[in-house]
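The values are calculated or read from the model by the stated rules, or taken from the named source; none is laboratory data. All values reported here derive from a predicted model rather than from experimental measurement. Here the Cβ is made from the backbone with ideal geometry for all residues, glycine too, and neighbour counts use every protein chain on show. Ligands, DNA and RNA are stripped out before the accessible areas are found, and what is left, the full protein with its side chains, is counted by its heavy atoms. Shrake-Rupley method; radii C 1.70, N 1.55, O 1.52, S 1.80 Å.
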Amino acid sequence: MSTTQTPPVLAAELAQAWADIQRYHPELPDLAAPESLIGESSSACGHELSFERLLHEAVHGVAAARGVRDTSRAGRYHNRRFLAIAEELGLDHPEEPHPSSGFSLVTLTPEAKRRYRPTTERLQRALKAHSAATAGDTARSFRGPAARHGSSGGGVRVKAVCDCGRNVRVVPSVLAQAPIVCGGCGKPFRIPEVVAAAS
């Protein structure tokens, strides 16, 4: 019973956290489907769903509201326009851009951590309860768009290569979250532009 109730509770907490962001950034559009974030976390990001991830998505929302193209390469590469809006919203990227994902791996600034502390704590509690409720019942838990729709849900795997020539098949959104490093040469796997264009 708790398994079926938890996703709506988590969706409500995500919607509330989004509303908290909107208080500081009124141009941010409403969050149409919080459940899609839960699904993306389940299918592509593992336990990566967090307030930081939500604020990252809010950057895309503000960019869309402003008509700013903040990504390229089918949404994988987060450019400097993304970074500029991310900084406005309280996210930082202290290092050089990643070759495949650009400035996607942003982190909360100390000021944003203070500003959103109650929101973050509330969302963490909801995420923990959701994980506990769904851990033992994967057949009935929400699986996300890739699991529901197969390749049409964003779960299409493409070939990523490293400098020594090894390759892996990976969902681009997963590779965009963090580098996948080759055990042979120690270099990150990347999706060649030719492959990306063909897929």
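Tabulated results
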quantity: Residues within region 66-105 that are on the phi > 0 side of the Ramachandran plot and buried (at least 18 other Cβ atoms within 10 Å of the Cβ), tallied; calculated: 2
quantity: Top-ranked residue in region 145-170 [being at pLDDT 70 or above and among the aliphatic types (A, V, I, L, M); ranked as nearest to the chain's Cα centre (by Cα)]; calculated: 170
quantity: Neighbours by Cβ (under 6 Å, 6+ apart or cross-chain): first from region 112-127, under 17 Å from residue 56 (Cα atoms); second assigned to a helix (DSSP H, G or I); calculated: 119/17; 119/20; 120/51; 123/13; 123/17; 123/51
quantity: Subset of region 13-32 [of a type in the set (A, V, I, L, M, F, W, C) and in contact (Cβ under 8 Å) with a residue 60 or more places away in the chain]; calculated: 14, 17, 21
quantity: Single residue of region 92-107 satisfying the filter (in contact with a helix residue (DSSP H, G or I) (Cβ under 6 Å, 6 or more places away or on another chain) and of a type in the set (A, V, I, L, M, F, W, C)) that is nearest to residue 172 (Cα to Cα); calculated: 103
quantity: Search result, residues across region 185-199 that are under 17 Å from residue 98 (Cα atoms) and modelled with pLDDT under 65; calculated: 193, 196
quantity: Search result, residues across region 50-87 that are touching a Pro at 6+ places or on another chain (Cβ under 9 Å), over 14 Å from residue 27 (Cβ atoms) and hydrophobic (A, V, I, L, M, F, W, C); calculated: 74, 83
quantity: Contacts under 6 angstrom Cβ, first residue in region 42-57 being more than 19 Å from residue 71 (Cα to Cα) and at pLDDT below 90, partner small (Gly, Ala, Ser) and open to solvent by 20 Å² or more (accessible area, probe 1.4 Å), 6 or more apart; calculated: 43/146; 43/147
